[in-house]
Amino acid sequence: MSDLSINSNNAAISAAGMHVNTASPSVLQRTPLYDLHLELGARMVAFAGYSMPVQYPMGVMGEHLHTRTKAGLFDVSHMGQLSLSGEHAARSFETLVPADVMDLPVGKQRYGLLLNDQGGIVDDLMFVNRGSDLFVIVNGACKDGDIAHIQAHIGATCTVQPMPDHALLALQGPMAVDVLTALDPSVANLVFMTGSAAVLGGIACYLTRSGYTGEDGFEISVPGEHALALAKLILSDERVAPIGLGARNSLRLEAGLCLYGNDITTTTTPVEANLNWAMQQVRRTGGARAGGFLGSAVVLAQLDGTAPITRKRVGLIATERVPVRDHTVLQDTQGGVVGEVTSGLLSPSVNKAIAIGYVGVAHAVIGTQVNAVVRGKLVAMTVSPMPFTPNNYHRG
């Protein structure tokens, strides 16, 4: 889950495939690491109502490659954290997401999709069973609406507690585990999509071994008043560099992961988005707890094939190094419009122009060629598997 879509004409930001909004800096919120970002020379932009670092002096390319080879620290404190608790919390949450929540073991994490009545995706999120509660992380640009949505639908059957006093850091990359186990050896016991409490440099945190880069790594929930000390401690390790939103976006696109607001929206269903894997069998037709979530009639009909879909999310690789941005029209080889790019950039790791987009089902076949219309020129693209670069999750 990644909400990185921001609006700007800046060339460096554009190179990362991002858009930056232009809200007045005077009304922007600040994370607990704001002063540290300035100290580190970050270029700050308005994003999701916050002043956030888009890049540091290393630059987007350098930050991207550093994360792929060593370890990068991201401030993602703009994202929403909340706790769902009470005897019926898991059952209640299942009425909002098409995921298996009730059978999720303690310490396990899962990706989920918050849906509306039409089966459209309100947001994508992560949740983990902490035993005493469900810990949920939602996208920053959506968090106020998400919390209101969740409160309105299940607030009467469980306790919905936002956690605005907590910061969120992400340490990503192949050396991330070594950095954190030096601070708390128990961190090494975690595998991909699991979580536990930890103490890093005397600071109590909750960690999940997950992230949005395709690399091994961790997301760290920490009380806001301790976030600065923890960030400085992690950055004191020479293997770690601060990473901005620009590289976060290019990393997640290489990993084939969706960007909310671009690749998935309220008008996109999970089946159209090719996210069937996020809907476990127990919630599907014939499962023990089939349906029962918002939009289930639409989603299950699409899954069952009784309501065929007309488009599907796919990966695309261009035959030449021409960046193909979001909203670029896709045509078939006869010139007919067959879809649109939703995210795209020049990949630092793959060294090719890559993109995610939607095409008609007939063209959503690996190996199919389509043409992107870039400033009046046709750029050939091939429907390709995702991720674009191999994921390096630690599964044990």
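Structural remarks
- Residue identified as assigned by TED's automatic domain parsing to the domain that holds L28 and under 19 Å from the mean Cα position of the chain (by Cα) among F127, F74: F74
- Any hit, the stretch 371-383, residues being over 30 Å from L171 (Cα atoms), of a type in the set (G, A, S), in contact with a Gly (Cβ under 7 Å, 6 or more places away or on another chain) and surrounded by 20 or more Cβ atoms within 10 Å (Cβ to Cβ): no
- Listed by position, the strands (runs of 3 or more DSSP E) enclosed by the stretch 335-381 that each have at least 1 residues that are over 19 Å from the mean Cα position of the chain (by Cα), small (G, A, S) and under 11 Å from R325 (Cβ atoms) are 353-360, 369-374.
- Of the residues A204, A197, A229, the single one that is surrounded by fewer than 17 Cβ atoms within 10 Å (Cβ to Cβ), at pLDDT 95 or above and within 13 Å of L169 (Cα to Cα) is A229.
- Test: residue in the stretch 124-131 that is closer than 15 Å to L294 by Cα and either surrounded by 21 or more Cβ atoms within 10 Å (Cβ to Cβ) or among the hydroxyl-bearing types (S, T, Y) (or both): yes
- Any hit, the stretch 244-260, residues being within 22 Å of R43 (Cβ to Cβ) and polar (S, T, N, Q): yes
- Any chance L115 is within 20 Å of D75 (Cβ to Cβ) and either of a type in the set (V, I, T) or modelled with pLDDT of 95 or more (or both): no
- Count of the stretch 46-84 residues, restricted to those that are more than 26 Å from S236 (Cα to Cα) and either out of contact with any Lys or Arg (no Cβ under 7 Å at 6 or more places or on another chain) or assigned to a loop (DSSP other than H, G, I, E, B) (or both), is 8.
- The stretch 169-220: number of residues that are part of a loop (DSSP other than H, G, I, E, B) and in contact (Cβ under 8 Å) with a residue 24 or more places away in the chain: 18
- Residue list for the stretch 246-292, filter: surrounded by 22 or more Cβ atoms within 10 Å (Cβ to Cβ), in contact with a Leu (Cβ under 6 Å, 6 or more places away or on another chain) and farther than 23 Å from P385 by Cβ: none
- Close pairs (9 angstrom Cβ cut-off, 6 or more residues apart or separate chains): touching a residue at least 60 places away in the same chain (Cβ under 8 Å) in the stretch 93-105, hydroxyl-bearing (S, T, Y) anywhere: T95/T157; P98/S296; A99/Y111
- Complete set of residues in the stretch 69-88 that are buried (at least 22 other Cβ atoms within 10 Å of the Cβ) and in contact with an Asp or Glu (Cβ under 7 Å, 6 or more places away or on another chain): G72, G80, L84
- Residue count for the stretch 300-333, restricted to those that are assigned to a loop (DSSP other than H, G, I, E, B) and in contact with a Phe, Trp or Tyr (Cβ under 6 Å, 6 or more places away or on another chain): 0.
- Residue check, V122 assigned to a strand (DSSP E or B), under 26 Å from A99 (Cα atoms) and touching a strand residue (DSSP E or B) at 6+ places or on another chain (Cβ under 7 Å): yes
- Inside the stretch 31-59, residues that are within 18 Å of the chain's Cα centre (by Cα) and among the β-branched types (V, I, T) make up a count of 1.
- Only one entry of R283, R209 meets the criterion of being in contact with an Asp or Glu (Cβ under 9 Å, 6 or more places away or on another chain), basic (K, R) and not assigned by TED's automatic domain parsing to the domain that holds H37, and that entry is R283.
- As a summary of the residue check, E87 satisfies the conditions (1) closer than 19 Å to A288 by Cβ; (2) charged (D, E, K, R); (3) assigned to a loop (DSSP other than H, G, I, E, B) except for the one numbered (1).
- Matching entry among Q172, Q151, Q161 (being under 24 Å from A48 (Cβ atoms) and crowded, with 22+ Cβ neighbours inside 10 Å): Q172
The values are calculated or read from the model by the stated rules, or taken from the named source; none is laboratory data. On a predicted model such as this, the values are computed, not experimentally measured, just so you know. No Cβ is skipped: glycine too gets one built from the backbone with ideal geometry, and neighbour counts run over all protein chains shown.
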